[in-house]
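Working notes for the structure below.
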Amino acid sequence: MTELITPAAARRRSLPTAPFLVAARGGVPDRVPVWFMRQAGRSLPEYRALRAGTAMLAACFDPAMVTEVTLQPVRRHGVDAAILFSDIVVPLVAAGVDLDIVPGTGPVVAAPVRDAKAVAALPRLHAHQVDAVADAVRLLTVELGRTPLIGFAGAPFTLASYLVEGGPSRNHERTKALMYGDPVTWHALLDNLADTALEFLRAQIAAGVDAVQLFDSWAGALSLRDYREFVLPHSTKVLSGLADAGIPRVHFGVGTGHLLGAMREAGADVVGVDWRTPLDVAARAVPGAAVQGNLDPAALFAGDDVLRREVTRIVAEGRSAAGHVFNLGHGVLPDTDPDVITRTVAFAHSLSTQR
Ligand code: CP3
């Protein structure tokens with residue numbers, strides 16, 4: 001009998017002993033798996049050299065450049081996973097939203113989305129619009145050998161915040177005004193963004209990524225009650241919609257200590273934790289899930305003694321979870337010394353994974 005192999009399954013490498021995937025599935029790997037959010041980017045001189053003269057969004061649609069930037073931190077630091085070089089706004093741009101990534105500022109939207117008419121006019125992503133990203137994933141799965149590749153998308157709330165505010169925001173006041181003031185339009189907006197995130201992640205999975213991370217970076221701005229009412233159903237649509245892919249799903253936000261249980265419920269196998277919540281506390285909030293985090297990105301500026309103490313503490317606290325992936329509590333800061341990152345990886349690898 002001929003075995004039925006889906007195109008996605010045929011393309012994905014089998015990496016049964018990769019420490020990142022073992023820990024993400026709740027097992028004990030043979031070394032502490034380490035990667036860093038924003039490991040590809042401005043902390044690396046080779047990144048700055050390659051990017052010189054190319055705008056961020058242009059880089060994200062250039063498969064050869066995406067491949068090279070994604071590989072740079074893997075080569076330099078020996079991390080246990082690569083994260084696709086892209087941005088959470090890439091699927092919006094691909095779908096036709098007029099938006100740019102302004103150096104030093106972040107995403108800026110030409111016409112902010114603030115009412116029912118604008119929401120109704122918002123396009124949804126079709127997979128072929130991110131063919132360049134899928135091409136990069138296919139190149140990367142060859143180049144990476146045994147190192148897993150993490151795909152990602154922005155979660156509906158965090159994407160909505162950029163679209164409604166028009167750019168980065170401290171207080172998310174316009175976003176919350178729409179959420180509280182016009183819940184029908186709000187839910188229509190988040191439903192649209194959930195479809196786009198799901199389509200973007202499915203395209204990456206079909207091309208061969210080994211895990212996905214849903215970034216709800218700014219969800220911590222909400223109370224648990226509001227998160228459950230206004231956000232959870234939509235993030236659930238994304239994560240639960242990927243259950244059939246059979247690859248680990250990571251769900252991350254900043255300042256989300258009070259939301260960890262709900263973020264797990266959305267359909268996460270691994271819950272990302274910032275530096276505010278110790279991993280043993282986080283583990284109790286998400287029984288059965290693996291945890292990922294929680295080194296303060298600023299600790300990389302504090303010297304090797306502090307770093308060794310913090311890494312040792314985090315690995316010890318992580319042992320109480322079903323699985324632990326070592327990471328920062330948020331992204332690498334641009335001024336971080338790359339050699340400190342390399343030494344942090346080596347030190348985490350020197351520690352035992354035994355419980
Ligand atoms: O982690 C990685 O190494 C992969 C690359 C990656 C980028 N953005 C590259 C990038 C990832 C995973 C992201 C996700 C992303 N983008 C998030 C979620 C993660 C988080 O930090 O909470 C968010 C909120 C964005 C939106 C965004 N894009 C912001 C806030 C900024 C920063 C503005 C700035 O300059 O500080 C960007 C731009 C961006 N995304 C850069 C990079 C390397 C800088 C652009 C440049 O190098 O010119």
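The values are calculated or read from the model by the stated rules, or taken from the named source; none is laboratory data. All figures in this text were calculated on a predicted structure; none of them were measured in a lab. So basically every Cβ, Gly included, is an ideal-geometry build from the backbone, and we count neighbours across all protein chains shown.
Only one of the numbered conditions (1) closer than 18 Å to P73 by Cβ; (2) touching a Pro at 6+ places or on another chain (Cβ under 7 Å) is violated by T353, and that is (1). Residue-level analysis places G78 among those that are on the phi > 0 side of the Ramachandran plot and at pLDDT 95 or above.
Within segment 143-156, one or more residues are under 24 Å from L214 (Cβ atoms) and either among the acidic types (D, E) or assigned to a helix (DSSP H, G or I) (or both). Taken over segment 206-232, the criterion of being over 20 Å from L140 (Cβ atoms), of a type outside the set (D, E, K, R) and within 13 Å of the ligand (Cβ to nearest atom) is satisfied by S217, W218, A219, G220, A221. Among the residues making up segment 70-112, a single one is buried (at least 21 other Cβ atoms within 10 Å of the Cβ), more than 12 Å from the ligand (Cβ to nearest atom) and farther than 19 Å from V133 by Cβ: D80.
Selection of helices (runs of 4 or more DSSP H) fully inside segment 179-246 by the criterion of at least 3 residues being in contact with a helix residue (DSSP H, G or I) (Cβ under 9 Å, 6 or more places away or on another chain) and farther than 22 Å from H258 by Cβ returns 183-207.
Of the residues making up segment 300-339, those that are among the aliphatic types (A, V, I, L, M), surrounded by 17 or more Cβ atoms within 10 Å (Cβ to Cβ) and not in a loop (DSSP other than H, G, I, E, B) are L300, L307, V311, I314, V315, V325, L328.
For the residues A23, A49, A59, the requirement of being without any contact (Cβ under 8 Å) to a residue 60 or more places away in the chain, buried (at least 18 other Cβ atoms within 10 Å of the Cβ), on the phi < 0 side of the Ramachandran plot and part of a helix (DSSP H, G or I) singles out A59. With respect to the conditions (1) small (G, A, S); (2) assigned to a loop (DSSP other than H, G, I, E, B); (3) within 11 Å of the ligand (Cβ to nearest atom); (4) loosely packed, with under 15 Cβ neighbours inside 10 Å, S43 lacks only one, and its number is (4). Within segment 269-288, the set of residues being small (G, A, S) and touching a residue at least 40 places away in the same chain (Cβ under 8 Å) comprises G272, G288.
Assess whether T54 counts as being within 16 Å of the ligand (Cβ to nearest atom), more than 17 Å from G166 (Cα to Cα), surrounded by fewer than 20 Cβ atoms within 10 Å (Cβ to Cβ) and not small (G, A, S). Yes; evaluated as a whole, the condition is true for this residue.
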